[in-house]
Amino acid sequence: MALIPLQIESGIYRNGTDLQSANRWRDSNLVRWIDGTMRPVGGWTIRSQTAAAASIRGMLAWTDNSGDKYIAGGTYEKLYVWNQGGIRFDITPTGLTTGIEDSPTTSGFGAGLYGFDYYGTPRIETTSPQMVTTWSLDNWGEYLVGCTIDDGKIYEWQLNTGTPAAVVTNAPVDNRAIIVTEERFLFALGAGGNPRLVQWSDKEDNTTWTPAATNEAGDLELQTEGEIMCGIRVRNQTLILTSIDAHAATYQGPPYVYGIERVGSSCGIISQKAVANIGTGAVWMGRKSFFVYDGGQAQKLPSSVSDYVFSDINSSQISKVWAVSNARNSEVWWFYPSSANNECDRYVTYNYAENTWAIGELGRTSGVDHGALQRPIWASADDYHLYDHEYGFDYGSLTPYAESGPIMIGTGDNTASVVEMIPDEKTQGDVNATFKTRFHPNDTEREYGPYTMSNPTSLRFTGRQIRIRVEGQRLSDWRVGINRLDVIQGSRR
């Protein structure tokens with residue numbers, strides 16, 4: 001008999017065929033890897049006393065000058081603020097243009113021009129779907145500023161919970177998004193209906209937008225064929241992402257104020273909310289790849305799950321894709337609607353410290369990192385409430401798990417019989433294990449278990465390759481390291 005260590009590499013590999021993920025984890029939900037060990041992500045608990053009336057798409061959390069904390073969140077027709085006690089206030093601007101909750105589909109039967117293609121066949125999608133309403137939110141000092149692409153006006157809310165947000169005086173209209181720079185300029189992105197124009201207010205004065213010798217207001221038009229989607233603050237710069245490329249705005253002082261240069265081509269962002277800050281720069285999701293910018297040139301970010309993710313996204317609802325940092329765990333999470341769903345129901349995470357990826361299922365539509373608050377706050381796709389995340393280890397009806405690709409236990413044409421496992425856990429019994437065996441890659445798969453972990457754990461199954469599924473059994477911060485199997489070499493079969 002021989003003890004075989006199950007040394008499965010950290011993170012998920014989901015590109016290509018099942019066999020290409022040999023000796024790797026292939027599927028997961030609500031788990032992460034740190035220092036080579038698998039552990040569950042934190043759980044969640046409800047925070048808001050009153051929910052929003054629809055999916056929240058765009059959130060911001062901050063602390064005012066008095067130390068009071070606020071969370072702002074916008075839907076396709078409302079703008080809300082929650083105080084630190086979870087009480088909701090409606091601060092929707094008077095006359096706000098109602099936006100779009102779901103992207104209309106432009107493919108299928110009846111789509112396209114009359115007389116083209118064959119009768120009775122669905123048409124392929126030939127244009128980008130109309131974007132859903134997302135809020136671009138930021139802080140102007142302790143005040144909240146925001147904008148949606150459907151309404152186009154820039155609003156400001158000055159902390160009075162009984163007063164709606166109001167239009168910023170003299171600000172341009174027909175804007176696509178906003179961002180406040182590190183130097184205290186308010187950028188209007190896609191300003192005045194020009195999808196390539198960046199216009200900024202005077203420094204520390206968001207009511208002065210007309211350039212003059214006595215101020216630093218100004219504008220620049222990006223040299224791009226794309227349309228501005230969003231902006232994000234990175235170290236000493238403001239990164240502006242379009243539908244096809246990336247540009248960095250750097251403060252130069254008068255008379256030019258800002259200089260803007262292209263820092264990436266063929267790296268357009270998939271949606272207005274699909275970018276997150278990682279301290280040294282930013283990462284975002286494109287149409288078929290992930291990208292990273294750290295102050296030089298934007299680069300494609302290799303991903304071990306990109307094949308799975310980009311073949312799984314509902315292409316008609318891609319404008320709902322959004323990203324959020326989870327800095328304490330060195331992660332970025334992207335949530336997206338799967339191919340069979342119109343709302344965000346799945347996620348992909350990137351751990352930039354460990355360079356690992358993970359996937360899973362969870363319905364969240366917007367969120368913020370811990371920042372001004374003790375924990376990350378994410379909005380539910382199901383009940384529109386806000387939830388504190390990384391809180392305990394309760395996941396409702398969900399269970400953390402990871403399942404491997406095939407692991408060879410036989411050699412050549414010989415089979416192998418597994419009779420025992422010596423588990424490697426932080427606390428015995430926190431997880432259980434299920435094994436799935438095959439004699440050939442496309443053979444019928446047989447399942448054994450689940451087994452409650454003991455030291456050792458008695459097993460009885462035979463095959464040439466196995467897969468292992470590990471599931472959390474206790475609401476605790478469990479760990480799984482390198483399990484070992486006691487294997488008896490068998491005969492040919």
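The values are calculated or read from the model by the stated rules, or taken from the named source; none is laboratory data. Since this is a predicted model, take the numbers as computed values, not measurements. Glycine also receives a Cβ, built like all others from the backbone with ideal geometry; neighbour counts cover every protein chain displayed. When the accessible area is computed, the model is the full protein with side chains, heavy atoms only, and any ligands, DNA or RNA have been set aside. Shrake-Rupley method; radii C 1.70, N 1.55, O 1.52, S 1.80 Å.
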* Structure fact -> Residue separation between Asp443 and Asp477 times 0.36 nm, minus their alpha-carbon distance, gives in nm 8.6 nm
* How large, in percent, is the carbon and sulfur part of the accessible surface of the chain at a probe radius of 1.4 Å? -> 45 percent
* To do: Could you list the square roots of 5 times each eigenvalue of the Cα gyration tensor of the stretch 294-343, that is, the equivalent ellipsoid semi-axes, sorted largest first and rounded to whole Å?
  => 23, 14, 11
* Just how large is the dipole of the stretch 372-493 about the Cα centre, in debye to the nearest 20, putting +1 at every Lys and Arg Cβ and -1 at every Asp and Glu Cβ? -> 700 debye
* Kindly write out, for the stretch 38-55 in residue order, the coupling ³J(HN,Hα) from the Karplus curve 6.51 cos²θ - 1.76 cosθ + 1.60 (θ = phi - 60°), rounded to whole Hz, with x marking Gly and Pro. => 7, 8, x, 6, x, x, 8, 8, 5, 10, 7, 6, 10, 7, 6, 8, 7, 4
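Starting from the Cα-Cα distance between Ala353 and Glu225, subtract it from 0.36 nm times their residue separation and give me the gain in nm to one decimal.
42.6 nm
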* **In the stretch 127-215, the GluC sites (Glu not before Pro) that fall in loop regions by DSSP, at most 14 other Cβ within 10 Å** => Glu142, Glu182, Glu204
* Asked: Hey, if you drop one equal point scatterer on each alpha-carbon of the stretch 3-67 and run the Debye formula without solvent, what base-10 log of I(q)/I(0) do you get at q = 0.19, 0.23, 0.24, 0.27 Å⁻¹?
  -> -0.90, -1.07, -1.11, -1.23
* **Cα-based radius of gyration of the stretch 306-441 once divided by 2.2 N^0.38 Å, which approximates compact folds** => 1.32
* With the other protein chains left in place, how much accessible area per residue, in square angstrom, belongs to the chain at a 1.4 angstrom probe? -> 42 Å²
* Asked: Simple spin-label model, 7 Å along Cα-to-Cβ: Arg287 to Ser458 in nm?
  -> 5.9 nm
* Work out the charge dipole of the stretch 181-244 with +1 on the Cβ of Lys and Arg and -1 on the Cβ of Asp and Glu about the Cα centre, then indicate which of Gln199, Gln237, Thr210 is farthest towards its positive end. => Gln237
* To do: State the answer as a single residue: which of Pro164, Leu362, Pro400 lies farthest towards the positive end of the charge dipole of the chain, with beta carbon charges of +1 for Lys and Arg and -1 for Asp and Glu, about the Cα centre.
  => Pro400
* Distance between modelled label sites at Thr207 and Lys69, nm, 7 Å Cα→Cβ extension -> 3.3 nm
* Taking the chain, how much of its Cα-Cα pair set, in percent, is spaced more than 36 angstrom apart? -> 38 percent
* To do: Take the alpha-carbon centre of the stretch 1-72, take the same for the stretch 403-479, and report the distance between them in whole Å.
  => 23 Å
* Asked: All other residues with a Cβ under 11 Å from the Cβ of Trp62 taken together, and with Lys, Arg as +1 and Asp, Glu as -1, what is their net charge?
  -> -3
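State the dimensionless ratio Rg/Rh of the stretch 190-264 (Rg: radius of gyration of Cα atoms; Rh: Kirkwood radius). List each step's numbers first, then the result.
Values: Rg = 12.2 Å, Rh = 12.7 Å.
Over the Cα atoms of the stretch 190-264, Rg/Rh equals 0.96.
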* Calculated from DSSP H runs of 4 or more alone, at -39500 (n - 2.57) each and per residue, what is the 222 nm mean residue ellipticity of the chain, nearest 500? -> -500 deg cm²/dmol
* Quick one: Cα centre-to-centre distance for the stretch 326-389 and the stretch 164-240, in angstrom? -> 28 Å
* Asked: In debye, nearest 20: dipole of the chain around its Cα centre with unit charges on the Cβ of K, R (+) and D, E (-)?
  -> 1460 debye
* Once you've got the Cα coordinates, tell me which of Lys69/Lys203; Lys69/Lys153; Lys153/Lys203; Lys69/Lys273; Lys153/Lys288 are over 29 Å apart. => Lys153/Lys288
* Cleavage-rule hits (trypsin sites (Lys or Arg not before Pro)) in the stretch 423-474: DSSP loop, at most 13 neighbouring Cβ within 10 angstrom -> Arg474
* Structure fact -> chymotrypsin sites (Phe, Trp or Tyr not before Pro) in the stretch 1-109 lying in a DSSP loop, each with at most 12 other Cβ atoms within 10 Å of its Cβ, come to Phe109
* So how far apart, in nm, are the two label points at Val167 and Arg262 if each is 7 Å from Cα heading toward Cβ? -> 3.6 nm
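If you take every residue apart from Asn29 with its C-beta less than 10 Å away from the C-beta of Asn29, what net charge results, scoring Lys and Arg +1 and Asp and Glu -1? Numbers along the way, then the final one.
Numbers: positive: Arg346; negative: Asp27, Glu361, Glu403, Glu471.
Summing Lys/Arg as +1 and Asp/Glu as -1 gives -3.
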* Asked: So what's the net charge close to Ala282: Lys and Arg +1, Asp and Glu -1, counting the other residues with Cβ under 13 Å from its Cβ?
  -> +2
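Length gain on complete extension for the stretch Asp307 to Gln158, per 0.36 nm per residue less the alpha carbon to alpha carbon distance? Display every interim value, and only then the final one.
Numbers: separation 149, 0.36 × 149 = 53.64 nm, distance 4.52 nm.
The Asp307-Gln158 span can extend by a further 49.1 nm.
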* Given charges at Cβ of Lys, Arg, Asp, Glu: the chain dipole, positive-most of Ala72, Ala282, Gln299 -> Gln299
* Structure fact -> Along the stretch 266-281, Karplus-curve 3J(HN,Hα) (6.51, -1.76, 1.60; θ = phi - 60°) to the nearest Hz, with x for Gly and Pro, reads 6, 9, x, 8, 6, 7, 6, 10, 8, 10, 9, 8, 10, x, 7, x
